[in-house]
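Structure record follows, encoded as structure tokens.
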Amino acid sequence: MGRRTEAMPSLSRVEREALAGELIGASVAIAPSPGVRGAVRGTIVNETLSTFSVRVAGRAKALCVPKAGLSGTVVLSAGELPLRGDALRVRPEDRTKRLLTGGPRRLR
């Protein structure tokens with residue numbers, strides 16, 4: 001049986017295109033979630049299928065944040081956009097295909 005993901009609010013085409021692009025280097029604010037004890041603010045420095053690595057000011061090492069259950073905001077050229085980790089749990093190189101063409105796990 002497939003996993004159900006939390007429905008995302010409708011995003012404009014510009015927002016979908018922005019989230020389908022590169023997220024590395026973007027500023028991010030992450031709310032407390034099952035994988036994160038407290039709020040996190042920083043810059044995304046790496047991304048895998050199931051995690052973001054976030055550089056946080058005052059820390060020597062990047063913080064590894066699981067995408068499962070993650071929520072927050074990301075600042076891209078299109079502005080401040082909602083960040084839902086469950087919707088982005090795909091390989092970074094596959095995100096363009098899935099978000100823009102309406103494939104599995106697309107943003108609604």
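The values are calculated or read from the model by the stated rules, or taken from the named source; none is laboratory data. Since the model is a prediction, treat every value here as computed from it, not as a measurement. Cβ: placed from backbone, ideal geometry, glycine included. Neighbour counts: every protein chain shown. The area values use the complete protein model at the heavy-atom level, side chains included, leaving out ligands, DNA and RNA. Shrake-Rupley method; radii C 1.70, N 1.55, O 1.52, S 1.80 Å.
Report the calculated FRET efficiency for T73 and L100 (r = Cβ-Cβ distance, R0 = 25 Å), to the nearest 0.05. Provide the component values of the computation, followed by the final result.
Working: r = 21 Å, r/R0 = 0.84.
Calculated transfer efficiency: 0.75.
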Per-residue SASA entry for R59, accessible area with 1.4 Å probe, Å² rounded to 10: 120
Alpha-carbon centroids, the stretch 71-95 and the stretch 10-69: separation in whole Å: 8
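What is the percent carbon and sulfur in the accessible area of the stretch 16-108, measuring with a 1.4 Å probe over the protein chains and ignoring ligands?
50
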